[in-house]
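Worksheet: the structure to be examined is printed underneath.
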Amino acid sequence: MQTATHAEFLKLCRKIGWKCTSQRLAVYEFLQGNHAHPDVDTVWFAVRSALPTITRESVYRILNEFTEMGIIGRLDHIDNARYDSRVGAHGHFICGQCGEISDFDWPEGAVIPPEMLSRGVSHMEIRLVGICRRCAAATGGSAPSQANDFPNNQPK
Ligand SMILES: [Zn+2]
Ligand SMILES: [Zn+2]
C-alpha cells in the first residue's frame, strides 16, 4: 500500500529527476512525521528498523541532498557553546563560512507566540545564518539571495 507521503515523494522525485530509492523514501517519510529537529543519528536509528543495512554515511548523504534541494532545512552552528557578553534578547548573525558571530538588536514588532513565552523561557534569540561582508568580498561576489523564503519578504 502506498501512503500519501510516499506518493508525494514520488511526485517530488519525478519533478527533480531523482531516483526514488527506498533509502531516500525512508528518510523522507521519517522526517515528514518528525518535528523534533532530529540529528543524523536519530534519523539513522529510525530508518534502520525498516532498512537494517543502511549506513550512517548514506543517511548523512541523503540528508545533505535533501538540504541542497531545499526539501528540508538544516540547523547549523549549534553544537559548540559560544559565550556572549551581551545579555537580554537580541539577534545573532552567523557567517556560514568563517563562523563569525555578530549581534543585532531585537527587531521591533517581532511577536513571540504567547504559548511559547509561558514555558519558562530563559533565553530569547533570533539567529540568522548567511555570509558576512568580509567573506562575501573575499569570494568576489555578493551573498546568495534566498531572502524570498523569509517572512519579512513575503508579498503583502
Ligand atoms: Zn565570514
Ligand atoms: Zn550576542
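The values are calculated or read from the model by the stated rules, or taken from the named source; none is laboratory data. On a predicted model such as this, the values are computed, not experimentally measured, just so you know. Ideal geometry is used to build each Cβ from the backbone, glycine not excepted, and the neighbour counts take in all protein chains shown.
Worth pointing out:
- Across the stretch 81-133, the qualifying residues are those that are assigned to a loop (DSSP other than H, G, I, E, B) and of a type in the set (Lys, Arg), and the one among them that is nearest to ligand 2 (Cβ to nearest atom) is Arg86.
- Flag if Pro38 is outside the structural domain of Ala4 (by the TED database), more than 16 Å from ligand 1 (Cβ to nearest atom) and not in a strand (DSSP E or B): no
- Some residue of the stretch 98-112 being acidic (Asp, Glu) and either surrounded by 10 or more Cβ atoms within 10 Å (Cβ to Cβ) or in the same structural domain as Ile16 (by the TED database) (or both): yes
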